[in-house]
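**Q** This is the structure, below, for whatever I ask next.
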Amino acid sequence: MPIKFHLSPLFSPFSSIFSLSPPGRKVVVGIGIIILLLLFRLWLSFLGYLQFTSKSWDSIEGLTTAVYTKSRKNGRKYWVLKLKKGSLTFYTSTYRPFSVNPLNRPVYLEFKPPNVSFPNYLTSFYLPPYHLIVEPFSPPFQWIWNQHPQFKEGGYLFQALFLGGGIPTDLRQKLGRLGVVHLLALSGLHLGLISLLLYLFLSPIYSLLHHRFFPYRNRYFDLGMVILGVEFLYLLFTNFPPSLLRAFGMELTAFLWLYFRLPFKLFPFLLGVVLVAFLISPGLLISLGFFFSLIAVYLIFLYLHHLPPTPFWGIFLPFYLTGAMVPIIHHFFPQLSPYLFLSPIISLLFPLFYGGELIFHLWGVGDVGDSFISLYLQLGENYFTLPISTPLFGLYLGALLLSYFSRPLFLLTPLLPLGIIVNHLFISYFLG
């Protein structure tokens, strides 16, 4: 006779969880554990916040990730610096001109802690400086900078590409118009390369130790944990850039998903990625870069959901992503270049470009391709403006979510923005 278990009234709200299949219960329990860890992480951040605001005087050194030139109503110029220190993001300003551009340089700041709310402490806040010193590049940044003496844009470009540094506003605008600014963000490509190199290096060593001392261990789990640990140190070194943090969160979530043999479901998986990323850096809550990165991941899964892999699957993916991301990115940055349609080809060739430039820079001859890069960036100086209203932006996001359930809508979503761009170009250049 089967034994029946009866839940007490205390656990009755959770009865629906126990009625799920074992894999479903694993998903729900796993997300619940991540949420509990997230609450614990917020509690630790709150303790840091209390310590930060309790001091009457303090100092901090952060890496400058952006520099903005502003003007008062009277015409007086001042400079606003965006700095990062670990998971902290803060701003400061000065009227004193800089002898060198502080971008990607450490800045030492003495300040009196202002009245900062806890949400602002987690996201970003302003520190009025009482003393500010711009320090030299750190050795890795200086190594790259020295290889581009005649092409400063190249120095900033490869500092961003290899070390997660910032880029000047005018360079970012050119890359955004050309539709390739996302390639500079540290992301899954970089973690994939690190994972591959570490696995090739560690696997033979681990195999020798595995057979001799601990044959009962799961080699893939052990190697995976070591690789994830090294990648987390890389995150620390690069100050948690949003796209790299998303890629790490996705890799960690996928690792745990496979380890616990959970069935793959797109939306629970993406929720796990978001929670893991917030667990590491709660400030991602308002990060536009993280939002772009998460949407791109959703589009890749959407593409895989409707178009199973074929020999040409990877070739058409950049074209789909370019079309589908246009309304999202250019709602915030409405300038586009007529050469935007080259970006899928650039994306396909980018892994070769990245690997070649990495080898050139390790050899100390990183300026080999500077003339070609300069010519390409000049294409970004020719642009037009295509504003996308907030209601249209919201409708498009809704269409993307619904396209998971409709293949015709999935095929239509990237074609519609491309059609709007072609129509705008035709009117501007041939009828205007």
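**Q** Can you name the residue in the range 354-368 that is within 24 Å of Gly188 (Cα to Cα) and small (Gly, Ala, Ser) and is also nearest to the chain's Cα centre (by Cα) among such residues?
**A** Gly355
**Q** So how many residues does the range 71-95 have that are without any contact (Cβ under 8 Å) to a residue 12 or more places away in the chain and touching a Phe, Trp or Tyr at 6+ places or on another chain (Cβ under 9 Å)? Can you show your working first?
**A** Step one: filter the range 71-95 for residues without any contact (Cβ under 8 Å) to a residue 12 or more places away in the chain, giving 71-75.
When the remaining residues are screened for being touching a Phe, Trp or Tyr at 6+ places or on another chain (Cβ under 9 Å), the result is 71-72.
Looking only at that region, the number is 2.
**Q** Out of curiosity, is Phe333 surrounded by fewer than 16 Cβ atoms within 10 Å (Cβ to Cβ) and either over 15 Å from Gly179 (Cβ atoms) or over 15 Å from the mean Cα position of the chain (by Cα) (or both)?
**A** Yes, satisfied.
**Q** A follow-up question, please. State which residue pairs qualify: first residue touching a residue at least 60 places away in the same chain (Cβ under 8 Å) and inside the range 149-173, second residue of a type in the set (Lys, Arg) and part of a helix (DSSP H, G or I) in any location, beta carbons under 9 Å apart, and separation of 6 or more residues or different chains.
**A** So the pair list comes out as Glu153/Lys174; Gly166/Arg172; Pro168/Lys152.
**Q** Which ones in the range 303-323 are outside any helix (DSSP H, G or I) and of a type outside the set (Phe, Trp, Tyr)?
**A** Scanning the range 303-323 gives Leu307, Pro308, Pro309, Thr310, Pro311.
**Q** Could you count how many residues in the range 292-315 are loosely packed, with under 14 Cβ neighbours inside 10 Å and aromatic (Phe, Trp, Tyr)?
**A** Here the count works out to 2.
**Q** Of all residues in the range 124-150, which are over 23 Å from Phe52 (Cα atoms), buried (at least 17 other Cβ atoms within 10 Å of the Cβ) and not polar (S, T, N, Q)?
**A** Initial filter on the range 124-150 (over 23 Å from Phe52 (Cα atoms)): 135-150.
Then keep just the ones that are buried (at least 17 other Cβ atoms within 10 Å of the Cβ); that gives 137, 141, 143-145, 147-148.
Of everything in the range 124-150, those that are over 23 Å from Phe52 (Cα atoms), buried (at least 17 other Cβ atoms within 10 Å of the Cβ) and not polar (S, T, N, Q) turn out to be Phe137, Phe141, Trp143, Ile144, Trp145, His148.
**Q** Taking Tyr199 as meeting all but one of (1) surrounded by 22 or more Cβ atoms within 10 Å (Cβ to Cβ); (2) touching a residue at least 12 places away in the same chain (Cβ under 8 Å), write down the number of the exception.
**A** Of the numbered conditions (1) surrounded by 22 or more Cβ atoms within 10 Å (Cβ to Cβ); (2) touching a residue at least 12 places away in the same chain (Cβ under 8 Å), the odd one out for Tyr199 is (1).
**Q** So which pairs qualify, if the first residue must be in the range 219-237 and within 30 Å of Pro106 (Cα to Cα), the second must be part of a helix (DSSP H, G or I) and among the polar types (S, T, N, Q), the Cβ gap must be under 7 Å, and the two must be at least 6 apart or on different chains?
**A** From residues that are within 30 Å of Pro106 (Cα to Cα), the pairs are Ile227/Ser195.
**Q** Tell me, which helices (runs of 4 or more DSSP H) wholly within the range 198-290 include 1 or more residues that are among the acidic types (Asp, Glu) and under 26 Å from Phe301 (Cα atoms)?
**A** Helices (runs of 4 or more DSSP H) meeting the threshold: 219-237, 242-259.
**Q** Suppose we filter Gly380, Gly323, Gly364 for residues that are touching a residue at least 60 places away in the same chain (Cβ under 8 Å) and at positive phi; which single one remains?
**A** After ruling out the rest, the residue left standing is Gly364.
The numbers here are math on the coordinates, done by the rules we state, and not lab data. A quick note: this is a predicted structure, and the numbers were derived from the prediction, not measured. Here the Cβ is made from the backbone with ideal geometry for all residues, glycine too, and neighbour counts use every protein chain on show.
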